[in-house]
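The values are calculated or read from the model by the stated rules, or taken from the named source; none is laboratory data. Computed from a predicted model, the values in this text were never measured in an experiment. Don't worry about glycine lacking a Cβ; one is built from the backbone with ideal geometry, like all the others, and counts go over all protein chains shown.
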Amino acid sequence: MRQQQSLAFEAARLMTEEGFDSLPKAKRKAAKKLGLENPKDWPDDSLILSELSLQRSLFQSNHHQVLYDLRETALKAMQLFATFKPRLMGALVSGYASEQTSIDILLTANTAEEIALELMQQQIPYQIQEHSLHYERSSTAKKNPIMIPVYQFYAAQQQIKLMVLEEQHHKKSPFDPATGQAFAKLSIEQLKRLQLKI
């Protein structure tokens with residue numbers, strides 16, 4: 001139990017102080033640091049979230065405001081690209097976000113060039129990279145993820161990543177290989193409703 005508490009504390013510290021916005025990644029990093037290689041020795045996510053809530057209440061009293069402001073920036077970006085069926089995903093959906101968190105938005109288009117053209121028409125400077133997504137829960141899929149283009153730019157001093165899906169993948173939900181669960185996503189209307197609750 002003491003090992004689990006220590007790991008929960010360290011994982012929460014990584015998320016609070018070092019900007020980790022993925023609970024599974026923070027847990028694995030903490031486990032490696034503490035030498036706890038057996039997942040059976042790891043705490044439940046609920047214990048980490050409890051510790052995270054405690055640490056943020058002590059050291060990040062403005063967390064709710066930070067989360068609200070990031071989601072407002074995300075909402076504006078999603079509205080700008082509303083014709084491409086935007087979906088917010090990542091730490092802003094789960095609520096684990098910190099000031100260093102990027103705003104990750106899934107867009108659907110026939111070709112990635114449509115997004116590049118929209119960015120140029122809006123006179124938004126951007127960089128392009130690639131990102132891997134998994135659509136099947138299998139060892140083969142983990143080794144051979146689908147590579148998609150990602151357009152990155154900054155707004156309100158926040159990094160925004162536009163991940164472009166082809167139409168054929170729009171109805172599928174990419175999943176996180178670290179957890180085996182589908183990524184949670186929010187539409188514009190769902191995000192608006194969520195903002196009213198903060």
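Numerical summary
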| item | result |
| --- | --- |
| Helices (runs of 4 or more DSSP H) wholly inside region 81-162 containing at least 2 residues that are at pLDDT below 95 and either under 19 Å from Q190 (Cβ atoms) or of a type in the set (S, T, N, Q) (or both) | 91-94, 139-143 |
| Number of positions in region 42-61 that are modelled with pLDDT under 90, in a loop (DSSP other than H, G, I, E, B) and not small (G, A, S) | 3 |
| Residue pairs meeting the criteria (Cβ under 7 Å; at least 6 apart or on separate chains; first of a type in the set (K, R), in region 1-26; second surrounded by fewer than 20 Cβ atoms within 10 Å (Cβ to Cβ)) | R13/Q55; K25/A178 |
| For I188: the one exception among (1) farther than 16 Å from Q79 by Cα; (2) at pLDDT 75 or above | (1) |
| Qualifying residues in region 62-80 (those that are at pLDDT 90 or above, out of contact with any helix residue (DSSP H, G or I) (no Cβ under 9 Å at 6 or more places or on another chain) and of a type outside the set (D, E, K, R)) - the one nearest to M163 (Cα to Cα) | A77 |
| Matching residues, region 37-88, being acidic (D, E) and within 23 Å of A155 (Cα to Cα) | D69, E72 |
| Residues that are in a loop (DSSP other than H, G, I, E, B), in contact with a helix residue (DSSP H, G or I) (Cβ under 9 Å, 6 or more places away or on another chain) and closer than 22 Å to G90 by Cβ, drawn from region 1-41 | E18, F20, D21, S22 |
| Matching option when the condition is in the same structural domain as F153 (by TED's automatic domain parsing) and surrounded by fewer than 17 Cβ atoms within 10 Å (Cβ to Cβ), among L117, L75 | L117 |
